[in-house]
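The values are calculated or read from the model by the stated rules, or taken from the named source; none is laboratory data. None of these values were measured; they are calculated from a predicted model. No Cβ is skipped: glycine too gets one built from the backbone with ideal geometry, and neighbour counts run over all protein chains shown.
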Amino acid sequence: MGRARTGVLRLRPGVLWIPVALAVLIHALLFASLEPEIAVDSASYMAQAESIASTGAARNATGEPDTVRTPGYPIFLAAFLAADLGYPGAIATQHLLWLLVVAATTFFTFRATANMSAAIVAGVITAIDLPALQATNAILTETWATIFVTLAVWQAYRCARDGNLRNAMFAGLLAGIAALIRPVAILLGVALAVAIWIASRAFRLRAAAVIIVTSLALPSMWIARNYAQTGVATFSSIGGMNMLLFRAAGTLAIRDSGGVDANLQRRQEELEAIACHAAEAKFGKPCASIPIAQRATLYTGLAIPILLADPVGVMMQAARAFVMIMFGGGASMMSMLTGIAEPTARLITLGYTVPIALLAVAGFFYWRRVDRPAAWLMLLTIGYFIVMSLGVEAYSRFRVPFLPLYAMLAGGGAAAVVDRWNPDKEMLK
């Protein structure tokens, strides 16, 4: 992403392939030794994918037009089903895609900084992050979303550097595709536009406007589809569901004796019952016969009073989510692969995630010095995804879509540390 600015370690260029070689070894072992993971959310993606592959229509398991899952990931899965490669083919492709992510992270970082320590650290973090490794082996959206989030940031960066509005348009379109994969990315274009506004002096107003408008084009088409087929103008029903069954339920559960883990399901069942009664009163039908697209229109209205009534509980839930996203480290996978007890694995992962967070903080200031547009694009994209995900449903996989950017920040922090303690840094500039 830029030009050389700081000291360079005396290392041969070939060492830049170390993260890629490490990633190849890890992913080959994982693909050979682990079955694809079918998580709780996987079934809903698979149902829509199978519907698309067989009928061309995006329907859920009950045959209704699917408004919960956006089509970006089911279409990816459906391509493998249509080609008779099945879900194993999709998983294999996710592993290969992550190798490309590791290589791109490594070489983009070196191109931006001309600092091998920054590039190698960024690449290794991307290669070994356990939540990312779990995601590549699961029928979940994270790996596929990472590709488009990263490409959107890259195109926004190119726009910030050269003022070319065509790159702004590409950035917006890619951000829109990212939203079709993970609905939480619906306003990613706004985050990119703000970063360009801060970091760029020329063309920033027009570039920001182009990114925002084009980022909403594809999501608007999906909203129109949902309205035409269900009568509800929604991008994804998951937004209302998360507000009631996770944010509101989590705010209540975090105050209960025993905390969130012991009480979340009970609170969800209570709020689901309240929502069903409200839906029956509004639509005049039994709750089970009301499509989720219609029921979900009531969820946010029921959730907001609960959230407003306990802002401290909301902040407690947000703090818990932040810790889960940034400092969770795939302890369950480590425990499964090594036999280490899960509490011990959590402590081990903290020894990995905490230093990376500290390096990332230092890395922002390093990147701001060597490449201002890159620094702000990375910071605001990461911040956007974190803030949008601060609910009780959050866990460590939620950092995967921005992991390459986070790793690049941490790589910059490592370079700053090396520059500070390298006695020959002036000679090596």
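Checking F246 against (1) hydrophobic (A, V, I, L, M, F, W, C); (2) outside the structural domain of G176 (by TED's automatic domain parsing); (3) touching a helix residue (DSSP H, G or I) at 6+ places or on another chain (Cβ under 7 Å), which test does it fail?
(3)
Across the stretch 66-85, what is the number of residues that are of a type in the set (G, A, S) and either at pLDDT below 95 or touching a strand residue (DSSP E or B) at 6+ places or on another chain (Cβ under 6 Å) (or both)?
Residues meeting the conditions: 0.
Among all residue pairs at least 6 apart or on different chains, which show Cβ distances below 9 Å where the first residue, located in the stretch 293-309, is under 17 Å from G231 (Cβ atoms) and the second is β-branched (V, I, T) and part of a helix (DSSP H, G or I)?
Correct list of pairs: A293/T230; Q294/T230; A296/I238.
Quick grid of which residues meet (1) assigned to a helix (DSSP H, G or I); (2) farther than 30 Å from P183 by Cβ; (3) assigned by TED's automatic domain parsing to the domain that holds M378; (4) under 22 Å from the mean Cα position of the chain (by Cα):
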position	(1), (2), (3), (4)
L30	yes, no, yes, yes
E35	no, no, yes, no
V68	no, no, yes, yes
F76	yes, no, yes, yes
P88	yes, no, yes, no
V101	yes, no, yes, yes
V121	yes, yes, yes, yes
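For the stretch 342-379, what are the residues that are touching a Leu at 6+ places or on another chain (Cβ under 8 Å) and more than 30 Å from R201 (Cβ to Cβ)?
Answer for the stretch 342-379, where residues must be touching a Leu at 6+ places or on another chain (Cβ under 8 Å) and more than 30 Å from R201 (Cβ to Cβ): just T349.
Matching residues to (1) aromatic (F, W, Y); (2) buried (at least 21 other Cβ atoms within 10 Å of the Cβ); (3) part of a loop (DSSP other than H, G, I, E, B):
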residue	(1), (2), (3)
W144	yes, yes, no
I147	no, yes, no
R158	no, no, no
G176	no, yes, no
A179	no, yes, no
V184	no, yes, no
L187	no, no, no
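Does L99 count as over 22 Å from L173 (Cβ atoms), without any contact (Cβ under 8 Å) to a residue 40 or more places away in the chain and surrounded by fewer than 22 Cβ atoms within 10 Å (Cβ to Cβ)?
When the stated conditions are applied, L99 does not pass them.
Among the candidates S42, S54, which residue alone is more than 23 Å from the chain's Cα centre (by Cα), of a type in the set (S, T, Y) and at pLDDT 95 or above?
Numbers: S42 fails: more than 23 Å from the chain's Cα centre (by Cα).
After ruling out the rest, the residue left standing is S54.
Looking at (1) at pLDDT 95 or above; (2) over 30 Å from G330 (Cα atoms); (3) outside any helix (DSSP H, G or I), which is the only condition M221 fails?
Condition not satisfied by M221: (3).
Confirm whether T106 is in contact (Cβ under 8 Å) with a residue 40 or more places away in the chain, closer than 30 Å to R158 by Cβ and touching a Pro at 6+ places or on another chain (Cβ under 6 Å).
Working: in contact (Cβ under 8 Å) with a residue 40 or more places away in the chain: yes; closer than 30 Å to R158 by Cβ: yes; touching a Pro at 6+ places or on another chain (Cβ under 6 Å): yes.
It is true that T106 is in contact (Cβ under 8 Å) with a residue 40 or more places away in the chain, closer than 30 Å to R158 by Cβ and touching a Pro at 6+ places or on another chain (Cβ under 6 Å).
Looking at the stretch 366-393, I want the residues that are closer than 30 Å to L252 by Cα and have a partner that is buried (at least 22 other Cβ atoms within 10 Å of the Cβ) and of a type in the set (D, E, K, R) with Cβ atoms under 6 Å, at least 6 apart or on another chain. Which pairs are those?
G391/R247
Picking from A122, A207, which residue would you name as being modelled with pLDDT of 95 or more and not hydroxyl-bearing (S, T, Y)? Walk me through it before giving the result.
On the way: A207 fails: modelled with pLDDT of 95 or more.
After applying the criteria, what remains is A122.
Outside any loop (DSSP other than H, G, I, E, B), in contact (Cβ under 8 Å) with a residue 12 or more places away in the chain and not basic (K, R): which single residue out of F235, F246 fits that description?
F246
Have a look at A53, A23, A39 and point out the one that is of a type outside the set (V, I, T), part of a loop (DSSP other than H, G, I, E, B) and touching a residue at least 24 places away in the same chain (Cβ under 8 Å).
A39
Between residues in the stretch 401-422 that are on the phi > 0 side of the Ramachandran plot and residues that are crowded, with 24+ Cβ neighbours inside 10 Å and charged (D, E, K, R), which pairs lie under 8 Å by C-beta distance while being six or more apart or on different chains?
none
Residue under question is L192, and the condition is that it be crowded, with 23+ Cβ neighbours inside 10 Å, within 23 Å of the chain's Cα centre (by Cα) and assigned by TED's automatic domain parsing to the domain that holds R158; does it hold?
yes
Of the residues in the stretch 149-160, how many are in contact with a Lys or Arg (Cβ under 9 Å, 6 or more places away or on another chain) and under 18 Å from H95 (Cα atoms)?
1
Are any of the residues in the stretch 310-319 touching a residue at least 24 places away in the same chain (Cβ under 8 Å), more than 19 Å from the chain's Cα centre (by Cα), under 23 Å from E393 (Cβ atoms) and not in a helix (DSSP H, G or I)?
yes
If I ask for residues that are of a type outside the set (D, E, K, R) and within 16 Å of R397 (Cα to Cα), which ones from the stretch 102-137 would you list?
I125, T126, A127, I128, L130, P131, A132, L133, Q134, A135, T136, N137
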